[in-house]
C-alpha cells in the first residue's frame with residue numbers, strides 16, 4: 001500500500017496543500033465520478049487533494065456541487081469512475097467488499113436527519129453501534145456513558161429520541177459516531193436542521209472532538225459558521241475543486 | 001457466542017413483528033414436509049410389501065380343463081427334475097374353487113354369483129429351493145412342449161404362469177406413476193414453501209430497514225447483518241419440520257394400527273429405524289428450505 005501511495009505522490013501538488021501534519025488520512029488522486037443517469041456531467045471531475053490527520057475541514061458548495069458524492073466515495077458506498085482514493089493507506093478502489101465494514105468502523109458519520117432509532121433510548125442508540133460490531137457488554141457499559149458525558153447528555157440516558165430537541169438528537173448521533181473512537185469523523189450538513197445558536201453548540205462539540213486528534217470533515221451550507229471558524233475550506237462547484245484554502249471563508253455569493 | 005445470542009434475540013423479535021406471515025410460512029413448511037413425510041412412509045411400506053411378495057417364490061402353472069391326466073403327470077415329473085425346484089403339487093379345479101371361497105368369506109355373494117359354475121383352472125404348484133432362479137425356472141417351464149400343449153391359455157403360454165415377479169411388475173407400473181406424481185407434488189410444495197419463507201424474510205428486512213442502514217453505517221459486518229434473517233428462516237423451518245415430525249409420529253402411533261386392522265391381509269409394518277431416517281430427512285430438508293429461502297430474500301432485498 002505504501003509503495004502505491006509513494007508512486008501516487010509525485011503527481012500531487014503537495015506544496016499548494018495545507019501544511020502536512022503527519023501522514024495523509026485521505027488522498028484523492030484525480031478522482032472522477034460519473035453517474036450513469038448523467039454521463040455528460042460528472043458529479044466530481046478530476047479532484048485531487050490530501051487531508052492530514054488532525055485537520056478540521058469544511059467542504060462547501062451549492063446543492064449538486066458534489067459534496068454528497070465526495071462523502072459517499074469516502075465511505076465506499078460508491079466507487080469512483082476513475083482515479084484513486086486512499087483512506088489511511090488503503091486503496092478504496094481495489095478494496096474487497098468484505099473489508100468495507102472494517103473501513104466504516106474507522107469513519108464516524110453524522111447526518112442532517114440524525115438517523116436515530118425511535119424505539120431505542122439514547123443509551124441503546126449509542127450502544128447499538130458497539131453491539132453490532134461485536135463489542136462486549138463491559139466495553140459498552142463503560143464507553144457509552146463516557147461518550148454521552150462528552151457530548152453533554154449524561155442526564156438523558158433513558159430518554160427516547162422524540163423526547164429530545166433537535167440539537168440534543170444531533171448530539172446523540174455524534175455520540176454514536178465517535179463511541180468507537182474512529183480517527184475520522186464525517187458530518188454531512190450536521191446543522192442543516194438546527195437554529196443558529198444550537199448549531200454553534202454542535203460546532204463547539206465538533207471542535208472539541210477535533211482537539212482530541214480526530215480528523216473532522218464537515219460538509220455545510222452554513223456561511224456564518226465557516227466564516228467564523230476560519231478553518232481549511234475545500235470548495236466544490238459543479239464537480240470541480242475550485243478552492244482549497246487554509247483558514248478560508250465560505251466564499252460563494254448566495 | 002454473544003452474537004449468536006443476539007441473532008436469536010433479533011429473530012424472535014422478527015417473529016413477534018410479523019406474526020401472521022411467520023405463522024403462514026411455518027404452516028406451509030409444516031404441510032409440505034408432512035406430505036413429503038407421508039409419501040416417504042407410504043413409499044417404504046410399499047417397498048416392504050413388494051419385497052415380501054418377491055420373497056414368495058412359488059410358481060403357479062395353470063392348465064387347461066381338458067388336459068389329459070398323463071400329460072399333467074408327465075409335466076409334473078419334468079418340472080420336478082429342473083434344478084432348483086423343491087416340490088411340485090397339484091391343485092384341482094374343485095380345490096381351487098374351495099380355496100377361493102375360503103379367501104372370500106367376507107363377501108360370499110361373489111361365490112353365489114358363480115351359479116355353480118367353476119371358472120377357475122386347475123394348476124401345478126411349484127415350490128422353489130432357490131428364489132434367485134425364479135425367472136430361469138419359469139422360462140424353462142414356459143418353453144416345455146407338454147406345458148405349451150396343456151396350458152390354460154395356449155395362445156400365450158406365459159400368461160398361464162404366475163409367480164411373484166409378475167405381481168411385483170404390475171405393482172411397480174402402478175407405483176411408478178404414483179411416485180412421479182409424488183415427486184411433482186413435493187417439488188411444487190417445496191417451491192411454495194421457498195416463496196413463503198422468502199416473503200416472510202423480505203417483510204422482516206423491510207421492518208428493520210432503518211436499523212440495517214445504521215448497521216452498515218457503523219460498520220457491522222455482512223455476516224452480522226445477515227445473521228438474524230438466516231436464523232429467522234432456519235427457525236421457521238425448524239418449527240415447521242418438528243411439527244411435521246410430531247404429526248407423523250402421531251399417525252404412526254394411532255393411524256397406522258387402525259389402518260392395519262382394516263387391511264389385515266397387508267403388513268404395514270416399517271422398522272423404527274426407517275421412521276427415524278425419515279424424520280431426520282424431514283428436519284434436514286426443512287432447514288435447507290429455510291436457509292435457502294432466506295438466502296434468496298437477502299440476495300434480492302438486502303444488498304450489502
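Some values worked out for this structure:
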item: Taking A:139, A:110 and counting other C-beta atoms within 10 Å, the order from fewest to most; result: A:139, A:110
item: Gyration tensor (Cα) of the range B:62-152, equivalent ellipsoid semi-axes in angstrom; result: 28, 16, 10
item: Semi-axes of the equivalent ellipsoid for chain B, Cα gyration tensor, largest first, Å; result: 63, 19, 15
item: D_trans [Stokes-Einstein, Kirkwood Rh over alpha-carbon pairs] for the range A:74-186, 37 °C, 0.692 mPa s, µm² s⁻¹; result: 218 µm²/s
item: Equivalent ellipsoid semi-axes, the range A:157-254, via Cα gyration tensor eigenvalues times 5, rooted, Å; result: 25, 16, 12
item: Centre separation in Å (Cα based) which lies between the range A:106-151 and the range B:175-219; result: 33 Å
item: Two-decimal ratio, the range A:116-168, of alpha-carbon radius of gyration to 2.2 N^0.38 Å; result: 1.09
item: 5 Å-binned pair-distance histogram of the range A:91-144 (Cα, whole percent); result: 4, 16, 21, 21, 18, 12, 6, 2
item: Dimensions in Å of the range A:164-209 - Rg and Dmax from alpha carbons; result: 10.2, 29
item: Diffusion constant of the range A:22-128 at 25 °C, which comes from Stokes-Einstein with the Kirkwood Cα-pair radius and 0.890 mPa s, µm²/s; result: 158 µm²/s
item: Percent of alpha-carbon pairs separated by more than 20 Å within the range B:1-124; result: 72 percent
item: Sorted largest first, extent of the protein assembly as shown alpha carbons per principal axis (Å); result: 128, 51, 38
item: Length gained when the stretch residue B:210-residue B:136 is fully extended (0.36 nm per residue, less Cα-Cα span); result: 19.2 nm
item: Rounded, prolate or oblate (a/c below 1.5 giving rounded, otherwise prolate when a/b exceeds b/c) for chain A by Cα gyration tensor; result: prolate
item: Kirkwood Rh, Cα atoms: Rg over Rh of the range B:188-260; result: 1.24
item: Ranked packing of B:280-293, B:193-206, most packed first, by mean Cβ within 10 Å; result: B:193-206, B:280-293
item: Degrees between helix A:122-131 axis and first principal axis of chain A (Cα, 0 to 90, nearest 10); result: 60 degrees
item: Considering only chain A, percent of DSSP beta bridges that pair antiparallel, nearest 5; result: 50 percent
item: Cα→Cβ-extended label distance, 7 Å offset, between residue B:66 and residue B:114, nm; result: 2.2 nm
item: Rounded to 10°, Cα long-axis angle of helix A:166-178 versus longest principal axis of chain A; result: 70 degrees
item: Residue A:200/residue A:99 FRET efficiency (R0 30 Å; Cβ-Cβ; nearest 0.05); result: 0.20
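Rule-based calculations on the coordinates, nothing more; no lab input. On a predicted model such as this, the values are computed, not experimentally measured, just so you know. Neighbour counts run over all protein chains shown; Cβ positions are idealised from the backbone, glycine included.
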